[in-house]
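Here's the structure, in structure tokens; my notes come after.
The values are calculated or read from the model by the stated rules, or taken from the named source; none is laboratory data. Note that the coordinates shown come from a computational prediction; the quantities given were computed from them, not determined experimentally. A quick note on method: Cβ atoms are made from the backbone with ideal geometry, for glycine too, and the neighbour counts reach across all protein chains shown. Side chains are part of the model used for accessible areas, which takes the heavy atoms of the whole protein and leaves out ligands, DNA and RNA. Shrake-Rupley method; radii C 1.70, N 1.55, O 1.52, S 1.80 Å.
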Amino acid sequence: MSKRHDPNGTSNLALELYQPKPNVLYSLDVAAHIAGVPRRAILIYCRAGLVQSVFQPPYGVMAFTEEAIHAVRRIEHVRAAHGPDLTLLKTLFKLLEEVEYLRAELRFLRHR
């Protein structure tokens, strides 16, 4: 939260939303903080193939894009509604990827 200066003399507290910048890589700790999950959750999702990390040479440090952070948030939303079954999550997200691919293909074919 940050204080905003009010020229009338009263101060208002406002919540500032954090928006990750595109084409920026975030460390595992920062990605976990932004997504609001423990580091372990992201590592589990990576191992299960639900989220992909980027490795920065030459150190091999895990880094994540804003798309990966968004994917973690989506996974957490689905887990909250349907439980922690990773097999279900993998199947669901594969289906969602396929739907998005088919939508893009349909948009392409309609605009030819």
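Quick notes
- Boolean, residue 26 is of a type outside the set (A, V, I, L, M, F, W, C), surrounded by 15 or more Cβ atoms within 10 Å (Cβ to Cβ) and under 23 Å from residue 87 (Cβ atoms): no
- Residue 93 being more than 18 Å from residue 36 (Cα to Cα) and surrounded by 17 or more Cβ atoms within 10 Å (Cβ to Cβ): yes
- Segment 39-59 - residue that is closer than 19 Å to residue 23 by Cα and aliphatic (A, V, I, L, M) and, of those, least open to solvent (accessible area, probe 1.4 Å): 51
- Of the residues making up segment 60-81, not one is farther than 17 Å from residue 93 by Cα and open to solvent by 80 Å² or more (accessible area, probe 1.4 Å).
- Remark: pairs (first residue in segment 93-112, closer than 28 Å to residue 82 by Cα; second residue open to solvent by 90 Å² or more (accessible area, probe 1.4 Å) and not polar (S, T, N, Q); Cβ separation under 8 Å; 6+ apart in sequence or on different chains) = 93/74.
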